[in-house]
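The next block holds one structure in the form of C-alpha coordinates; read it before the comments.
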Amino acid sequence: MTDKILKNIVILTGAGISAESGIPVFRSESGLWEHERIEDVCVPEALQRNPQKVHAFYNKMRRSLADKKPNDAHLAVAKLQHEWPHVSGGSVTLVTQNIDDLHEKAGSVEVIHMHGALLSARCEFCGASWCQNKDTSPGQPCPKCGKIGGVRPDIVFFEEMPHDMELIERALAKCDLFLAVGTSGVVYPAAGFCRFAKNVGATCLEFNLDKSAVASDFDSGFYGKASETLPKFVDALLSGNKVTSLF
Ligand code: NAD
(Lines give C-alpha, C1' and ligand atoms only; values in the text may rest on other atoms or scores of the structure.)
Protein backbone atom coordinates (compact mmCIF):
# COMPACT_ATOMS: atom_id res chain seq x y z
CA MET A 1 0.00 0.00 0.00
CA THR A 2 1.36 3.42 -0.93
CA ASP A 3 1.12 6.34 1.45
CA LYS A 4 -1.29 8.97 0.22
CA ILE A 5 -1.77 12.46 1.57
CA LEU A 6 -4.23 12.33 4.45
CA LYS A 7 -6.56 15.21 5.04
CA ASN A 8 -9.98 14.18 6.20
CA ILE A 9 -10.52 11.75 9.05
CA VAL A 10 -13.75 10.16 10.29
CA ILE A 11 -13.72 8.53 13.73
CA LEU A 12 -16.54 6.19 14.74
CA THR A 13 -16.66 5.33 18.43
CA GLY A 14 -18.72 2.72 20.25
CA ALA A 15 -19.42 1.51 23.75
CA GLY A 16 -15.88 0.09 24.10
CA ILE A 17 -14.28 3.54 24.28
CA SER A 18 -16.31 4.32 27.40
CA ALA A 19 -15.90 0.90 29.05
CA GLU A 20 -12.71 1.96 30.85
CA SER A 21 -14.61 4.97 32.23
CA GLY A 22 -17.00 2.59 33.98
CA ILE A 23 -19.89 2.53 31.49
CA PRO A 24 -20.71 -1.07 30.60
CA VAL A 25 -20.71 -2.15 26.93
CA PHE A 26 -23.89 -3.29 25.24
CA ARG A 27 -23.30 -6.83 23.99
CA SER A 28 -23.59 -9.64 26.45
CA GLU A 29 -24.46 -13.25 25.95
CA SER A 30 -27.50 -12.84 28.18
CA GLY A 31 -29.01 -10.19 25.87
CA LEU A 32 -29.37 -7.83 28.81
CA TRP A 33 -28.38 -4.16 28.95
CA GLU A 34 -27.83 -2.89 32.50
CA HIS A 35 -29.90 -5.82 33.83
CA GLU A 36 -32.85 -5.11 31.52
CA ARG A 37 -33.99 -7.05 28.45
CA ILE A 38 -33.21 -5.06 25.31
CA GLU A 39 -36.81 -5.43 24.08
CA ASP A 40 -38.05 -3.81 27.32
CA VAL A 41 -36.03 -0.60 27.04
CA CYS A 42 -34.60 -0.28 23.55
CA VAL A 43 -37.45 -0.68 21.05
CA PRO A 44 -40.31 1.71 20.14
CA GLU A 45 -42.97 -0.76 21.38
CA ALA A 46 -41.45 -0.65 24.86
CA LEU A 47 -42.14 3.08 25.03
CA GLN A 48 -45.78 2.51 24.12
CA ARG A 49 -46.20 -0.54 26.36
CA ASN A 50 -44.49 0.73 29.48
CA PRO A 51 -43.36 4.37 29.20
CA GLN A 52 -42.71 4.62 32.96
CA LYS A 53 -40.16 1.83 32.77
CA VAL A 54 -38.38 3.25 29.72
CA HIS A 55 -38.16 6.76 31.20
CA ALA A 56 -36.95 5.34 34.54
CA PHE A 57 -34.25 3.29 32.77
CA TYR A 58 -32.77 6.28 30.94
CA ASN A 59 -33.23 8.58 33.96
CA LYS A 60 -31.07 6.21 36.01
CA MET A 61 -28.47 6.06 33.27
CA ARG A 62 -28.48 9.88 32.85
CA ARG A 63 -27.93 10.34 36.59
CA SER A 64 -25.08 7.83 36.52
CA LEU A 65 -23.12 10.04 34.09
CA ALA A 66 -22.47 12.66 36.79
CA ASP A 67 -19.39 10.93 38.21
CA LYS A 68 -18.07 9.42 34.96
CA LYS A 69 -14.84 10.83 33.58
CA PRO A 70 -13.36 10.59 30.09
CA ASN A 71 -10.35 8.29 29.72
CA ASP A 72 -7.18 8.70 27.64
CA ALA A 73 -8.92 7.42 24.50
CA HIS A 74 -11.58 10.18 24.66
CA LEU A 75 -8.81 12.71 25.34
CA ALA A 76 -6.82 11.45 22.33
CA VAL A 77 -9.86 11.89 20.06
CA ALA A 78 -10.32 15.48 21.29
CA LYS A 79 -6.62 16.21 20.80
CA LEU A 80 -6.76 14.93 17.22
CA GLN A 81 -9.86 17.05 16.52
CA HIS A 82 -8.14 20.18 17.81
CA GLU A 83 -4.67 19.68 16.35
CA TRP A 84 -5.16 17.80 13.07
CA PRO A 85 -6.63 20.78 11.11
CA HIS A 86 -3.47 22.80 11.95
CA VAL A 87 -1.16 19.94 10.99
CA SER A 88 -2.87 18.87 7.76
CA GLY A 89 -5.44 21.49 6.77
CA GLY A 90 -7.99 18.68 6.90
CA SER A 91 -10.87 17.83 9.21
CA VAL A 92 -11.80 15.30 11.87
CA THR A 93 -15.46 14.26 12.00
CA LEU A 94 -16.40 12.48 15.20
CA VAL A 95 -19.39 10.12 15.04
CA THR A 96 -20.33 8.24 18.17
CA GLN A 97 -22.82 5.47 18.76
CA ASN A 98 -22.57 6.31 22.43
CA ILE A 99 -25.26 8.11 24.34
CA ASP A 100 -22.94 9.24 27.13
CA ASP A 101 -21.28 12.67 27.32
CA LEU A 102 -17.64 11.58 27.67
CA HIS A 103 -16.48 12.99 24.33
CA GLU A 104 -17.88 16.38 25.32
CA LYS A 105 -16.28 16.10 28.78
CA ALA A 106 -12.95 15.33 27.05
CA GLY A 107 -13.21 18.59 25.09
CA SER A 108 -14.54 17.41 21.72
CA VAL A 109 -16.59 20.25 20.35
CA GLU A 110 -18.50 18.73 17.48
CA VAL A 111 -19.87 15.30 18.29
CA ILE A 112 -22.41 13.56 16.08
CA HIS A 113 -24.48 11.36 18.40
CA MET A 114 -25.99 9.08 15.77
CA HIS A 115 -27.88 7.03 18.38
CA GLY A 116 -29.01 10.04 20.41
CA ALA A 117 -27.81 11.30 23.77
CA LEU A 118 -28.83 10.88 27.38
CA LEU A 119 -28.48 14.62 27.94
CA SER A 120 -31.13 15.34 25.33
CA ALA A 121 -34.90 14.79 25.12
CA ARG A 122 -37.31 15.15 22.25
CA CYS A 123 -41.01 15.43 21.47
CA GLU A 124 -42.64 12.84 19.21
CA PHE A 125 -45.41 15.32 18.30
CA CYS A 126 -43.48 18.38 17.12
CA GLY A 127 -40.01 16.85 16.58
CA ALA A 128 -38.28 19.41 18.84
CA SER A 129 -35.26 18.35 20.86
CA TRP A 130 -33.55 20.11 23.75
CA CYS A 131 -30.83 19.68 26.41
CA GLN A 132 -32.13 17.59 29.28
CA ASN A 133 -30.06 17.35 32.46
CA LYS A 134 -32.90 16.23 34.70
CA ASP A 135 -35.24 13.22 34.74
CA THR A 136 -37.93 12.96 32.07
CA SER A 137 -41.45 11.58 32.64
CA PRO A 138 -44.19 10.42 30.27
CA GLY A 139 -46.55 13.08 31.68
CA GLN A 140 -44.29 16.07 31.16
CA PRO A 141 -45.42 18.68 28.61
CA CYS A 142 -43.19 19.45 25.64
CA PRO A 143 -41.44 22.80 26.27
CA LYS A 144 -41.96 23.74 22.61
CA CYS A 145 -45.48 22.61 21.60
CA GLY A 146 -46.93 22.12 25.11
CA LYS A 147 -48.50 18.74 24.31
CA ILE A 148 -48.41 15.96 26.87
CA GLY A 149 -47.50 12.36 26.00
CA GLY A 150 -44.84 12.91 23.36
CA VAL A 151 -41.74 13.66 25.45
CA ARG A 152 -39.15 10.86 25.39
CA PRO A 153 -35.43 10.40 25.96
CA ASP A 154 -33.58 11.35 22.76
CA ILE A 155 -32.33 7.81 22.22
CA VAL A 156 -32.52 6.03 18.86
CA PHE A 157 -34.16 2.67 19.46
CA PHE A 158 -33.75 -0.44 17.32
CA GLU A 159 -35.75 -0.05 14.08
CA GLU A 160 -35.51 3.76 14.28
CA MET A 161 -33.48 5.91 11.87
CA PRO A 162 -30.17 7.13 13.37
CA HIS A 163 -29.60 10.88 13.57
CA ASP A 164 -27.60 12.92 11.05
CA MET A 165 -27.09 10.18 8.45
CA GLU A 166 -26.74 12.70 5.60
CA LEU A 167 -24.05 14.57 7.50
CA ILE A 168 -22.22 11.31 8.26
CA GLU A 169 -22.39 10.09 4.67
CA ARG A 170 -21.03 13.43 3.42
CA ALA A 171 -18.07 13.12 5.79
CA LEU A 172 -17.45 9.48 4.81
CA ALA A 173 -17.60 10.35 1.12
CA LYS A 174 -14.58 12.63 1.44
CA CYS A 175 -12.60 10.77 4.09
CA ASP A 176 -9.02 9.56 3.65
CA LEU A 177 -8.73 7.77 6.99
CA PHE A 178 -11.49 5.96 8.88
CA LEU A 179 -10.95 4.90 12.50
CA ALA A 180 -13.41 2.65 14.36
CA VAL A 181 -12.82 2.60 18.12
CA GLY A 182 -14.46 0.20 20.60
CA THR A 183 -17.31 -0.96 18.41
CA SER A 184 -18.39 -4.54 17.82
CA GLY A 185 -19.37 -3.95 14.20
CA VAL A 186 -22.75 -5.63 14.45
CA VAL A 187 -25.09 -2.63 14.78
CA TYR A 188 -26.10 -1.23 11.37
CA PRO A 189 -25.83 1.23 9.71
CA ALA A 190 -22.63 2.07 11.67
CA ALA A 191 -21.22 -1.38 10.94
CA GLY A 192 -21.30 -0.51 7.21
CA PHE A 193 -19.29 2.73 7.52
CA CYS A 194 -15.96 0.94 7.02
CA ARG A 195 -17.03 -0.48 3.66
CA PHE A 196 -18.39 2.92 2.63
CA ALA A 197 -15.06 4.54 3.50
CA LYS A 198 -13.13 1.77 1.74
CA ASN A 199 -15.14 2.35 -1.43
CA VAL A 200 -14.00 5.97 -1.54
CA GLY A 201 -10.37 4.89 -1.08
CA ALA A 202 -9.91 5.57 2.63
CA THR A 203 -7.48 3.65 4.82
CA CYS A 204 -9.56 1.92 7.52
CA LEU A 205 -8.24 0.96 10.96
CA GLU A 206 -9.98 -0.55 13.96
CA PHE A 207 -9.12 -0.23 17.65
CA ASN A 208 -10.59 -2.95 19.80
CA LEU A 209 -9.66 -5.38 22.56
CA ASP A 210 -9.76 -8.17 19.96
CA LYS A 211 -10.57 -8.49 16.28
CA SER A 212 -14.21 -7.49 15.76
CA ALA A 213 -16.76 -9.35 13.65
CA VAL A 214 -15.90 -7.05 10.72
CA ALA A 215 -12.11 -6.99 11.21
CA SER A 216 -11.51 -8.30 7.69
CA ASP A 217 -13.11 -5.13 6.25
CA PHE A 218 -10.28 -3.05 7.76
CA ASP A 219 -6.74 -2.56 6.46
CA SER A 220 -5.37 -3.23 9.92
CA GLY A 221 -6.20 -3.08 13.60
CA PHE A 222 -4.73 -2.09 16.96
CA TYR A 223 -5.68 -4.58 19.63
CA GLY A 224 -5.70 -3.84 23.36
CA LYS A 225 -7.26 -1.15 25.52
CA ALA A 226 -8.23 1.92 23.47
CA SER A 227 -6.88 4.12 26.28
CA GLU A 228 -3.44 2.73 25.47
CA THR A 229 -3.49 2.14 21.69
CA LEU A 230 -5.29 5.29 20.56
CA PRO A 231 -3.15 7.97 22.31
CA LYS A 232 0.01 6.40 20.86
CA PHE A 233 -1.50 6.31 17.38
CA VAL A 234 -2.74 9.92 17.61
CA ASP A 235 0.64 11.19 18.80
CA ALA A 236 2.41 9.39 15.96
CA LEU A 237 -0.04 10.77 13.39
CA LEU A 238 0.30 14.31 14.73
CA SER A 239 4.11 13.96 14.65
CA GLY A 240 3.91 13.52 10.89
CA ASN A 241 4.41 9.77 10.66
CA LYS A 242 3.08 8.15 7.51
CA VAL A 243 -0.02 6.17 8.35
CA THR A 244 1.25 2.93 6.79
CA SER A 245 4.29 3.04 9.07
CA LEU A 246 1.90 2.90 12.05
CA PHE A 247 0.53 -0.58 11.39
P1 NAD B 1 -20.84 -3.09 21.75
O2 NAD B 1 -21.15 -3.15 23.20
O3 NAD B 1 -21.65 -3.92 20.83
O4 NAD B 1 -19.30 -3.46 21.53
C5 NAD B 1 -18.29 -2.87 22.29
C6 NAD B 1 -16.97 -3.22 21.64
O7 NAD B 1 -15.94 -2.53 22.34
C8 NAD B 1 -16.62 -4.71 21.67
O9 NAD B 1 -16.21 -5.11 20.38
C10 NAD B 1 -15.46 -4.80 22.68
O11 NAD B 1 -14.53 -5.78 22.32
C12 NAD B 1 -14.86 -3.41 22.56
N13 NAD B 1 -14.18 -2.95 23.77
C14 NAD B 1 -14.52 -3.14 25.07
N15 NAD B 1 -13.65 -2.54 25.89
C16 NAD B 1 -12.73 -1.93 25.09
C17 NAD B 1 -11.58 -1.16 25.35
N18 NAD B 1 -11.18 -0.86 26.60
N19 NAD B 1 -10.84 -0.70 24.30
C20 NAD B 1 -11.22 -1.00 23.02
N21 NAD B 1 -12.31 -1.73 22.72
C22 NAD B 1 -13.06 -2.20 23.74
O23 NAD B 1 -20.90 -1.56 21.36
P24 NAD B 1 -21.31 -0.82 20.03
O25 NAD B 1 -20.63 -1.44 18.87
O26 NAD B 1 -21.07 0.62 20.34
O27 NAD B 1 -22.89 -1.06 19.86
C28 NAD B 1 -23.75 -1.03 20.96
C29 NAD B 1 -24.86 0.01 21.00
O30 NAD B 1 -25.17 0.25 22.38
C31 NAD B 1 -24.44 1.33 20.46
O32 NAD B 1 -25.38 1.65 19.53
C33 NAD B 1 -24.53 2.33 21.62
O34 NAD B 1 -25.48 3.33 21.28
C35 NAD B 1 -25.16 1.61 22.77
N36 NAD B 1 -24.40 1.74 24.04
C37 NAD B 1 -23.83 2.92 24.40
C38 NAD B 1 -23.09 3.02 25.57
C39 NAD B 1 -22.49 4.35 25.93
O40 NAD B 1 -23.08 5.39 25.61
N41 NAD B 1 -21.32 4.39 26.58
C42 NAD B 1 -22.90 1.92 26.39
C43 NAD B 1 -23.51 0.70 26.00
C44 NAD B 1 -24.25 0.63 24.83
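The values are calculated or read from the model by the stated rules, or taken from the named source; none is laboratory data. Treat the numbers as computed from the prediction; the structure is a model and nothing was measured. Glycine also receives a Cβ, built like all others from the backbone with ideal geometry; neighbour counts cover every protein chain displayed. Ligands, DNA and RNA are excluded from the accessible area calculation, which covers all protein heavy atoms including side chains. Shrake-Rupley method; radii C 1.70, N 1.55, O 1.52, S 1.80 Å.
Within 14 Å of the ligand (Cβ to nearest atom), modelled with pLDDT of 95 or more and not hydrophobic (A, V, I, L, M, F, W, C): is that true of residue 96 in this structure? Here the answer is yes, as residue 96 does meet what is asked. Of all residues in region 150-178, which are within 14 Å of the ligand (Cβ to nearest atom), among the aliphatic types (A, V, I, L, M) and farther than 16 Å from residue 189 by Cβ? 155 - this is the single residue of region 150-178 that is within 14 Å of the ligand (Cβ to nearest atom), among the aliphatic types (A, V, I, L, M) and farther than 16 Å from residue 189 by Cβ. Note on region 100-121: residues that are farther than 13 Å from residue 157 by Cα and touching an Asp or Glu at 6+ places or on another chain (Cβ under 7 Å) total 5. Criterion first (open to solvent by less than 50 Å² (accessible area, probe 1.4 Å) and either hydroxyl-bearing (Ser, Thr, Tyr) or within 14 Å of the ligand (Cβ to nearest atom) (or both)) does residue 234 satisfy it? No, not satisfied. Taken as a whole, the structure places residue 100 among residues that are open to solvent by less than 20 Å² (accessible area, probe 1.4 Å), under 21 Å from residue 46 (Cβ atoms) and charged (D, E, K, R). Number of residues in region 71-93 that are within 16 Å of the ligand (Cβ to nearest atom) and open to solvent by 30 Å² or more (accessible area, probe 1.4 Å): the value is 2.
Selection over region 192-216 of residues that are within 16 Å of the ligand (Cβ to nearest atom) and either closer than 23 Å to residue 76 by Cβ or in a loop (DSSP other than H, G, I, E, B) (or both) gives a count of 14. As a summary of the residue check, residue 14 satisfies the conditions (1) in contact (Cβ under 8 Å) with a residue 60 or more places away in the chain; (2) more than 15 Å from the ligand (Cβ to nearest atom); (3) open to solvent by less than 30 Å² (accessible area, probe 1.4 Å) except for the one numbered (2). Please tell me if residue 186 is open to solvent by 10 Å² or more (accessible area, probe 1.4 Å) and within 16 Å of the ligand (Cβ to nearest atom). Criteria met by residue 186.
Does residue 219 count as touching a strand residue (DSSP E or B) at 6+ places or on another chain (Cβ under 7 Å), under 13 Å from residue 178 (Cα atoms) and open to solvent by 30 Å² or more (accessible area, probe 1.4 Å)? Break it down into steps so the answer makes sense when it comes.
Details: touching a strand residue (DSSP E or B) at 6+ places or on another chain (Cβ under 7 Å): yes; under 13 Å from residue 178 (Cα atoms): yes; open to solvent by 30 Å² or more (accessible area, probe 1.4 Å): yes.
It is true that residue 219 is touching a strand residue (DSSP E or B) at 6+ places or on another chain (Cβ under 7 Å), under 13 Å from residue 178 (Cα atoms) and open to solvent by 30 Å² or more (accessible area, probe 1.4 Å).
Touching a residue at least 60 places away in the same chain (Cβ under 8 Å), open to solvent by 70 Å² or more (accessible area, probe 1.4 Å) and part of a helix (DSSP H, G or I) - does that describe any residue in region 54-65? Yes, region 54-65 has at least one match.
In region 217-231, the residue that is nearest to the ligand (Cβ to nearest atom) out of those that are over 29 Å from residue 163 (Cβ atoms) and of a type in the set (Gly, Ala, Ser) is 224. I'd like to check something: does region 116-126 contain any residue that is under 21 Å from the mean Cα position of the chain (by Cα), open to solvent by 30 Å² or more (accessible area, probe 1.4 Å) and under 30 Å from residue 7 (Cβ atoms)? No, region 116-126 has no match at all.
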